[in-house]
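Below is one structure, written out as structure tokens; the observations come after it.
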Amino acid sequence: MGRYLLQRFGYMLVTFFVIVALTFLTMQLLPGTPYRNQQKLSPEQIEIMNHKYGLDKPVAVQFVDYVGNMLKGDLGLSFQYDGRPVTEILKEKLPVSGTLGTEALIFGAIVGVFLGILAGLKHNTFWDYGASILAILGISIPSFIFAGLLQYWIAVKLGWLPVGYWDGPQNHILPALSLSMSVIATVARFMRTEMIEVMGSDYITTAKAKGINNTSIIVKHSIRNAVIPVITILGPLAVNIITGSLVIEQIFAIPGIGEQFVTSIVTNDYPMIMGTTIMYSAMLILIIFIVDILYGIIDPRIRLAGGEA
Amino acid sequence: MRRNKAKWPILLSLILVMSMLLTACSSKGGSTSTSGSGGNDQLADNQVLNIADSSDIPSLNWTQISDSTSSTYLQYVTSGLMRLNDKLEPQPDMAASMPEISKDKKTYTFKLRKDAKWSDGSPVTANDFVYAWRKMVDPKTASPYSFIFASANIKNAAKIENKKDPLFGKIDQLGVKALNDHTLQVTLDKPTPYFLSMLANAYFMPQKQSFVEKQGDKLGQEPQNLLYNGPFKLTKWDHGSGWTLEKNNDYWDAKHVYLKQVNVHVIKDNSTAVNMYNSGKLDATGLSSDFIDQFKNKKDQFHTFKDAGVFFLYLNQKRQPALKNVNVRKAINMSIDRNQMVNVLLKDGSVAANYIVPKEFAKGPDGKDFRSAAPNGYNGYNPKEAQKLWEKGKKELGIKSLKLELMSQDTSTSAKINEYIANQIEKNLPGVKVTVNKQPWGNYLKLLNSGKYDLGNSGWIPDYDDPMTYLDLWTTNNQQNNMGFSDPKFDKLIEEADNLGADPQKRWDKMHEAEKLLLEKDQAIAPLFQEGTAHAIRPYVKGLNYPNFGMRVDFLHAKILKH
């Protein structure tokens, strides 16, 4: 297990560095300057400003400077925010997006697993069809549609919950719910398939033949085995949530990091582009790392294979 | 230097890109504004206003800002020499009275209010202005708006910013002097009729040197990193979510400020803002064209305001030889039905424009709007005439057909408008084929600036209250004129007008003449529309205004009635 972990961790660092380098280089290809009013700045003024922000240095020098500062925890100053440190902005916004994403993922996973079990056990019944239809809707309808519908009906028409903003727990419900729809759907579908497969497998038949009671079979044998593939898809689902939150944050006026990412690219806010990319890739890589480990814990064969390799 | 006259005109297209970001603009004193103080209306006990802004405040460091939200709110918490009233006329603010102006109209002497105080209790002095202005033009500061001092024609500002000039960086040579603690003298390079109105601008605010230096990089990043001398104080600032202003009781004119508190919520998505308005969380919201139909019959809430932003088509003679032919340019201009565009596509109070200097923007020495001389502009929609001109142009050029590339941004509004324009030209000018090239903002700007287009949809918003901000763009060497247009007669008119600061009426006439030449005879560009904005405002809010110049939103004298 130790070696497996170390190997994964090594990959993780390499991936991260490659992402940083690639982003930094491709970013140079963005047309324009980071100055909001570039249209009316004369070339001489742009020169003066480029000098102040070190943008007149060769790209290689800029890159080395950047990586050096990054290792010291300094991600530079944002242009969009007229000189606020990027780390400070991330510190403010990341917890918001993080909370929202986690809530959506946990809620979605629990409901999804539950629905999947139900559908799997009540195979070819009303429950199964109901859960399947729900799953298809959840996958095919984008989260921002749910967001718009929930906002309009629950918040504006019924007035039960706030339309948007990020003041208190009541503000979390609608955005988290909208974001979790695709999670519920995907998890439910996987869980159902796995349940049906596991329930039909030989060892379950054996267990039944041994006279073990039904609840015990389902809880101890079926669910535990069926849930493994679900954990593997949580990684990609977390990615979905992150990309989905770009829009959801906008719809519910949530001061998260998602919207920042897009704006920084549109406005050539180089330090912010780097900051958000680093944040996102670190998160994604970490999620994949955690999933790998979880996988190893749940299915010992993987851990062993890793260890013996 | 001419290009520096461009003030803050930001490419209007920026507005489209950041859709709602700049939309909060509007009419002067507002014919449709909520100014109607219905006689015995009683004030509510709770004078709190809740509004939305589509953009966060990036910073309140006066030397670093370059967006309309920052400059608007800096104007609420800081006061300069002048402040614009609801008719956009400059009125004394930190100045105790209107300044004494020398005979040659180049020296202005301001007496400051003796009772004016910073929020730390210290007096606002003439030195605070000298310090702040010098800091703005200092090349070491690298302020994105340093050029505005050259635009105001303040003595030596242009030289201090010019690397090749011996005065480069010599900020003590700037034409501003503290005669004593409460007397400030400003010297200009030449008479400038719009000088006083520029002083209301955020870039001309005073700053206290000792405080600014103590704050360093933190200046203007949190409420405690600022000193206040304006009508409001910033008391809360949740970056990304919003901010709260509270009335500054020490402000000299506090008795005319009714609102005790203003909460501004950052909401980037217009439908969210509208939903929050509908659920009662907001007292006012901007309306994008999708929501106009929903509100337009609620007469007590729906308001439209004319903005000073004007959109137009660049006609690039440099790349497309056919556009060198004035008949072809006129034909294109006359083939576009702008009324359809504003009434069916935009619906937000925008008005069709055949002019470049907008309506209700600048008043001349005679007190009349610049547009009143030619209210409908020049060479409007006329498909029959357009076809004739096109036939004539074809013969002159010896061509049978023409392919044009129309440069557009990739935002939905921009794309919609440009598809419409392409369709109009193709429909009314047989043989012309227009392809719309949709590009994201950064690339759009790059292609536009490097002249890689035939027709380019763009726009302009002003930052000083004078027609010149729209007119000098089209002189031969102006940075904005990247389309190869050149008319020596036009250049001459602009130069003459520019040097007639001491004779405002003559200057005004020259500018009228210049616009007429530019659009009627030369058809250098094809104007499209003057932008408008629509807002929903609760009937109990009075005096809330969306000026077309200076501030995104004006609630200085707004009040909440009992409801």
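Farthest towards the positive end of the charge dipole of the range B:307-532, among the residues B:Leu346, B:Gln424, B:Ser401, is the Cα of B:Ser401, using unit charges on the Cβ of Lys, Arg, Asp and Glu. Extending 7 Å from Cα along the Cβ direction at B:Ala96 and again at B:Arg319 yields two label points whose distance is 5.9 nm. Which shape class applies to chain A: rounded if a/c is under 1.5, otherwise prolate when a/b exceeds b/c and oblate if not, where a ≥ b ≥ c are the square roots of the Cα gyration tensor eigenvalues? The shape class here is oblate. Which residue, A:Val262, A:Val14, A:Val86, has the most motion in a Gaussian network model of chain A that connects Cα atoms within less than 10 Å? Between A:Val262, A:Val14, A:Val86, it is A:Val14 that shows the largest mean-square fluctuation. Here A:His51, B:His303, B:His256 are placed in order of increasing Cβ neighbour count within 10 Å, fewest first, which gives B:His256, A:His51, B:His303. Label reach from A:Ser281 (point 7 Å along Cα→C-beta): in the range A:59-83, amide nitrogens under 13 Å belong to A:67. Model label points for B:Lys427 and A:Val262, set 7 angstrom from Cα along the Cα-to-Cβ axis, are 3.1 nm apart. The magnitude of the dipole of the protein assembly as shown, with charges of +1 and -1 set on the Cβ of Lys/Arg and Asp/Glu and taken from the Cα centre, is near 1000 debye. Multiplying the residue separation of A:His51 and A:Phe126 by 0.36 nm and removing their Cα-Cα distance gives an extension gain of 20.1 nm.
Result for chain A in a Gaussian network model with C-alpha springs under 10 Å: among A:Leu158, A:Leu246, A:Leu115, the largest mean-square fluctuation is at A:Leu158. Counting neighbouring Cβ atoms within 10 Å and putting the fewest first, the residues B:Arg329, B:Arg371 line up as B:Arg371, B:Arg329. Residue by residue along A:86-93, Cβ atoms of other protein chains within 10 Å of the local Cβ number 1 on average.
Using the beta-carbon distance between A:Val239 and B:Lys214 and R0 = 41 Å, what value does 1/(1 + (r/R0)^6) give for FRET efficiency, to the nearest 0.05?
Approximately 0.35, to the nearest 0.05.
Spin-label model, B:Lys190/B:Asp165: points 7 Å from Cα along the beta carbon direction are separated by 1.4 nm.
Relative contact order of chain B: 24 percent, from C-alpha pairs under 8 Å at least 6 residues apart in sequence.
Oblate is the label for chain B, because the ratio a/c of its alpha-carbon gyration tensor axes (a ≥ b ≥ c) is 1.5 or higher and a/b is not greater than b/c. Every helix of 4 or more DSSP H residues in the protein assembly as shown counts as -39500 (n - 2.57), and over all residues that averages to -13000 deg cm²/dmol at 222 nm.
Name the residue from B:Pro99, B:Ser414, A:Ala176 whose Cα lies farthest towards the positive end of the charge dipole of the protein assembly as shown, charges +1 on Cβ of Lys and Arg and -1 on Cβ of Asp and Glu. Farthest along the dipole direction, towards plus: B:Ser414.
Here the range B:320-435 is treated with +1 on each Lys and Arg Cβ and -1 on each Asp and Glu Cβ, and its dipole about the Cα centre works out to around 440 debye. Rounded to the nearest 20, the Cβ-based charge dipole of chain B about its Cα centre (Lys and Arg +1, Asp and Glu -1) stands at 1060 debye. On a 0 to 90° scale, report how tilted helix A:173-199 is relative to the longest principal axis of chain A, with both axes built from alpha carbons and the result rounded to the nearest 10. Helix A:173-199 sits at roughly 40 degrees to that axis.
As an exercise, use a Förster radius of 25 Å and the Cβ-Cβ distance of B:Lys296 and B:Glu419 to find the FRET efficiency, rounded to the nearest 0.05.
Working: r = 24 Å, r/R0 = 0.98.
Computed FRET efficiency for B:Lys296 and B:Glu419: 0.55.
Note on A:Val163, A:Val18: ascending count of other Cβ atoms within 10 Å places them as A:Val18, A:Val163, the fewest first. Between the beta carbons of A:Phe16 and B:Asp509, assuming R0 = 60 Å, the FRET efficiency works out to 0.35 to the nearest 0.05.
None of the figures in this text is laboratory data; all of them are computed from the coordinates on show. All figures in this text were calculated on a predicted structure; none of them were measured in a lab. A quick note on method: Cβ atoms are made from the backbone with ideal geometry, for glycine too, and the neighbour counts reach across all protein chains shown.
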